[in-house]
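Working notes, structure below.
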Amino acid sequence: MVHWSGQNSSVILMLTKLFDFNLNSVTESSLWRSTDYGATYQKLNDKVGAKTILSYLYVSPNNKRKIMLLTDPEVESSLLISSDEGATYQKYRLNFYILSLLFHPEQEDWILAYSHDQKLYSSVEFGRRWQLVHERVAPNRFYWSKMGLDKEPGLIHLETSISEGQALYVTCKLQNCTDANKGKPFPGYIDPNSLVVQDEYVFVQVSTAGKPVYYVSAKRDVFTPMKLPKYTLPKELHVISTDENRVVAAVQEWNQNETYNLYVSDTSGVFYTLALENVVSSMGLEGNVMVDLYEVAGIKGMFLANKKTENQVKTHITYNRGRDWRLLQAPSKDLRGNSIHCVLPYCSLHLHLHVSANPYTSGNIASRESAPGIIVASGSIGSELTTGNVSVFITSDAGNAWRQIFEEEYAVLYLDQGGALVAIRHTPLPIRHLWLSFDEGRQWNKYSFISTPLFVDGVLGEPGEETLIMTIFGHVSHRSEWQLVKIDFRSIFNRRCTEVDYQTWHLHNQGEPCLMGVKRIYRKLKPTSRCVMGKMYSVSMTSGSCDCTEADFECDYGYERRTNGRCSHAFWFHPASVSRSCTTGMTFLNSTGYRKVVSNNCTAGVIAEYTARRQQCPTQAPRGLHLVTNEAALTATSGTNVTFLVFLEEGDGARTSITVDFGDGHALTYSNVSSMEDGIKHIYKSVGIYRVTAMAENSLGSETAMLYLHVTCQLEHIHLSAPFVALKNKEVNLTAVLWPSQVGTVTYIWWIGNNTEQPVITLEGSVACTFSREGINTVTVQVSAGNSILQDRKTIAVHEFFRSHLLAFSSNLDEHNPDVPEWRLDVSRVIRNSMIQATAVREEQLLVTVLPGLPTAAEFFLLPDKLITEGKPEKSSAHLDQLSEVLLNALNQNLVQFTLRPGVQVTVYAAHLSAATQRHSEREPRYTCVCHLQIQEIPGLNVYAQMQNEKEQEMTSPADPKATPSSQQDLVPSLEILDTELNSRPTGCMKPHVHVKFSTELPTYIV
């Protein structure tokens, strides 16, 4: 890392690091300092600490004498500060690791530091003390305030992360970023990594149902959706430029994959028109998108771009900020003086427009403010841009005429304000020569800068293009240390330039002198003059205004340029529409379909014909009313604030009232649109689907916008209630029980039995099914509520015959029942083993399951012995009856016991039923139906529910096949009590009953 301390300084600082590839880390660093333009260097390791490993070097942009060094955080977290151009240092310990620094553009001691754990720190003492500003800050999404726009110089713009898909745009005071002092300029959540603060504009992005909406604020005013042509439908948008009070944006539209369209805005940054289609893009080293657009330095309004046309990439040039583009005329002769036959539009010059991010290497193209009109670039001649046979070209007249200067790739550097050019060959081979030109690249002289060929790693010049001293650094071999070669070109020049060494140059575009509404005349060095312009030289330009012509105007928003060159409105645009900001009694600018190109200074001429005309605002009914939530979602959580945003595209906003009905019996009315620009907050106390409406109304009419908001609770747990054993070909009821019981809109996905590919999707929590084959069947249910999906799974043993009976326990078991599935499974296994030991029933014939809830209950199932009863239904029934009697006798004699834990002995009983257990056969199924249905109205909607039988398992006695419960009164009150308790709770997030007592007279699975 080599850094020239600053302009008009002879100090150069160099930081070298030794990387150990075996350890995959830096093991040593050295700091060097030169005070004679790099002729000699002094090693400063003793001044920064002999064992200190340095990682980065920073120079204050406002005071080049202030230097900051960061240590390697893998070893220690410290920084070293110098106030004398790196001569001496003071070391300060840090309690965080710095990933990046952002210096204030004006205050030399103000710095922002971003840490590895997403925390932002600030210092007003050039790093000597630090204070935490904010946590969970997005990387590279923090910005200093701008003088003249922000209220305070110490204001910080930042993006802070809220959740995986949500972020907030926050402004903070430098030394007092408390919740009370935070500003939230955008009323709602934004997409992560979308905040851009650039010049006078602020940009954020909000996605609604996967569709991005881009907002812009100009001069720190309220945010407004960016208006691209209606059917642009962008997939991505990148802000390219914001200078000269105008936004240039690269937009990848719905039908593009590798190219972008360029759009330019008006001064508000809101309304955009197409400037150039299908501009080529590439991916940068850090994963960033790089668009092939190059702004030429020194000539305002001049850009170069690579456009893809019919799978061919061609370079285009504009002199009026994208209003008009044309191809580049190729040179008429090659380097050897041979004629080049290249006829437009079939053949032209094409340039590579990549600018190097490495400060020590040049990119494919270069231009300088101090040398207007001179552009050096790598490229090719032909029908399209190629990566092979690349040559270097130069223009001295801002792109009108080009010359070939090298047949291979060279790095070209500007010396002495562009009065001299230095070229070094781009090659992986070692070199020892460079080329120097004093006449804008027409002739080149070869010089040797070192006796032994050098692998060149980079070139460092004094800041500014006026330098005549440069340093080439590289290595003689891949194993050698760095070699630095200082080259001082001052000895080549023998005099300073005088007035006779300069000439005037008229900027033009193929002979047209009026560009951007003015004629520009520059003072340039004559190509034949070999003198030093020096550091006091400044670019001199005079200008004269031009009469306005149609070429000074671009199409306004909603208008498109036709083949005849005229602008006419697009099919989707209504020219008569008036913005809501137009208030009755005031005036507005009625577009002619044209707008003057931003920064164009033409006067008179056709300006009256093309400029928007001021007219009285008509009284207009509201139109284009939009209602959205600030989170860009149609879901919300009960008990939390929901912010609604209302936008009106057309109509008198000052005289249009807005009424918002939240759908839960509450409504608010605002006298005008501007009074609710910060959003409307509301809290829903109950889950449900709410119809939210907004109505805009004035004396001429009204318009309504509506959305359906799903208010939910977080789904915490689900339980699949299913029988442990089922009869073959008999209907079984499956029920998904939710916790909380009401969470809002819920979808159930069922995988039943062997049908694993085609799930059943329902809006009800119960389904009925039959199993046609004996064996083990798996049932899986997934419950989708809001952003969460939970799952439960049960196995059901299907048999043609079985017997079952409920079990009860000594009361001490309830004290140790945590009522969790794992406990029930373990206790079921213990009960089963105890019953087998007491009765000698075969293991494969007995199943036991402990039921959810309290008091603790269980059920055992007796399965037929296939070896004895295969194909003999009557024998199966008799055999099961015999086994059932054996088990019941053992239970009645208290023979079935188990030890839950030391000192806790549990006795298992047969539950006493008022209804006797019925024999199970094909004709008399074990399962009958008990209908449980609770109807609850969803707030905000009229809900109609169709009664359906929800089957639950019921036990009957084998003693009397037609027996009924002894007392219906015993059953009905228990159901009424359950419903009463549910309805007495708030309608919001309801928790199910933890302790529910079920009558033993109606044995059932607990739901």
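The values are calculated or read from the model by the stated rules, or taken from the named source; none is laboratory data. On a predicted model such as this, the values are computed, not experimentally measured, just so you know. With ideal geometry, Cβ positions are generated from the backbone for all residues, glycine too; neighbour counts draw on all protein chains shown. The area values use the complete protein model at the heavy-atom level, side chains included, leaving out ligands, DNA and RNA. Shrake-Rupley method; radii C 1.70, N 1.55, O 1.52, S 1.80 Å.
Please determine whether any residue of region 295-303 is of a type in the set (A, V, I, L, M, F, W, C), open to solvent by less than 20 Å² (accessible area, probe 1.4 Å), under 30 Å from T224 (Cα atoms) and in a strand (DSSP E or B). So far as region 295-303 goes, yes, one or more of its residues are of a type in the set (A, V, I, L, M, F, W, C), open to solvent by less than 20 Å² (accessible area, probe 1.4 Å), under 30 Å from T224 (Cα atoms) and in a strand (DSSP E or B). Is it true that N817 is over 40 Å from the mean Cα position of the chain (by Cα), within 27 Å of V896 (Cβ to Cβ) and in contact (Cβ under 8 Å) with a residue 40 or more places away in the chain? For N817, the condition - over 40 Å from the mean Cα position of the chain (by Cα), within 27 Å of V896 (Cβ to Cβ) and in contact (Cβ under 8 Å) with a residue 40 or more places away in the chain - is not met.
In the condition set (1) among the aliphatic types (A, V, I, L, M); (2) open to solvent by 40 Å² or more (accessible area, probe 1.4 Å); (3) over 18 Å from the mean Cα position of the chain (by Cα), V247 is compliant with all but (2).
For region 729-788, a residue qualifies if it is open to solvent by less than 50 Å² (accessible area, probe 1.4 Å), aromatic (F, W, Y), more than 24 Å from S638 (Cα to Cα) and not in a loop (DSSP other than H, G, I, E, B), and exactly one does: W750.
Within region 221-234, the presence of a residue that is touching a strand residue (DSSP E or B) at 6+ places or on another chain (Cβ under 8 Å), modelled with pLDDT under 90 and basic (K, R) is excluded. Residues of region 266-319 that are among the hydrophobic types (A, V, I, L, M, F, W, C) and free of Cβ contacts under 8 Å to residues at least 12 places away in the same chain: M283 alone. Scoring A357 on the criteria (1) modelled with pLDDT of 90 or more; (2) within 38 Å of the chain's Cα centre (by Cα); (3) of a type in the set (A, V, I, L, M) leaves a single failure, condition (1). Of the residues G544, G534, the single one that is open to solvent by less than 20 Å² (accessible area, probe 1.4 Å) and either assigned to a loop (DSSP other than H, G, I, E, B) or not assigned by the TED database to the domain that holds G373 (or both) is G534.
If the condition is being part of a loop (DSSP other than H, G, I, E, B) and either buried (at least 17 other Cβ atoms within 10 Å of the Cβ) or at pLDDT below 85 (or both), then region 77-95 contributes S77, E85, G86, Y89, L94.
Selection of first residues in region 442-456 that are loosely packed, with under 12 Cβ neighbours inside 10 Å and of second residues that are part of a strand (DSSP E or B), restricted to Cβ pairs under 7 Å at least 6 apart or on distinct chains, gives the following pairs, ordered by first then second residue: N445/W435; N445/L436; K446/H433; K446/W435; S448/H433. Checking every residue in region 549-557 against the condition of being under 30 Å from A371 (Cβ atoms), in a strand (DSSP E or B), among the acidic types (D, E) and within 37 Å of the chain's Cα centre (by Cα) gives at least one match. Taking region 599-630 as the range and being more than 28 Å from A696 (Cα to Cα) and either aromatic (F, W, Y) or assigned to a loop (DSSP other than H, G, I, E, B) (or both) as the test, the residues that pass are S599, N600, N601, C602, A604, G605, V606, Y610, T611, A612.
Across region 1-54, which residue is modelled with the highest pLDDT among those that are under 17 Å from K66 (Cα atoms) and loosely packed, with under 15 Cβ neighbours inside 10 Å? Within region 1-54, the match that is modelled with the highest pLDDT is N8. Of all residues in region 369-425, those being polar (S, T, N, Q), assigned to a strand (DSSP E or B), open to solvent by 10 Å² or more (accessible area, probe 1.4 Å) and within 14 Å of L328 (Cα to Cα) number 1. Candidates in region 153-187 are the residues that are buried (at least 18 other Cβ atoms within 10 Å of the Cβ) and in contact with a Cys (Cβ under 8 Å, 6 or more places away or on another chain); of these, the one that is farthest from G210 (Cα to Cα) is L155.
Of the numbered criteria (1) of a type in the set (D, E); (2) closer than 22 Å to T745 by Cβ; (3) open to solvent by less than 10 Å² (accessible area, probe 1.4 Å), the one D652 fails is (2).
When I98 is tested against (1) touching a Ser or Thr at 6+ places or on another chain (Cβ under 9 Å); (2) aliphatic (A, V, I, L, M); (3) open to solvent by 40 Å² or more (accessible area, probe 1.4 Å), exactly one condition is not met: (3). Determine whether region 336-344 contains at least one residue that is at positive phi and assigned to a loop (DSSP other than H, G, I, E, B). Checked region 336-344: at least one residue is at positive phi and assigned to a loop (DSSP other than H, G, I, E, B).
Screening K64 on (1) of a type in the set (K, R); (2) surrounded by 17 or more Cβ atoms within 10 Å (Cβ to Cβ); (3) part of a strand (DSSP E or B) shows it passes everything except condition (3).
For Y231, are the conditions met, namely being more than 21 Å from V376 (Cα to Cα) and open to solvent by 70 Å² or more (accessible area, probe 1.4 Å)? It is true that Y231 is more than 21 Å from V376 (Cα to Cα) and open to solvent by 70 Å² or more (accessible area, probe 1.4 Å).
Pairs meeting the criteria (first residue in region 492-512 and more than 30 Å from S448 (Cα to Cα), second residue open to solvent by 30 Å² or more (accessible area, probe 1.4 Å) and hydrophobic (A, V, I, L, M, F, W, C), beta carbons under 8 Å, at least 6 apart or on different chains) are T504/I521; W505/I521; H506/I521; L507/I521.
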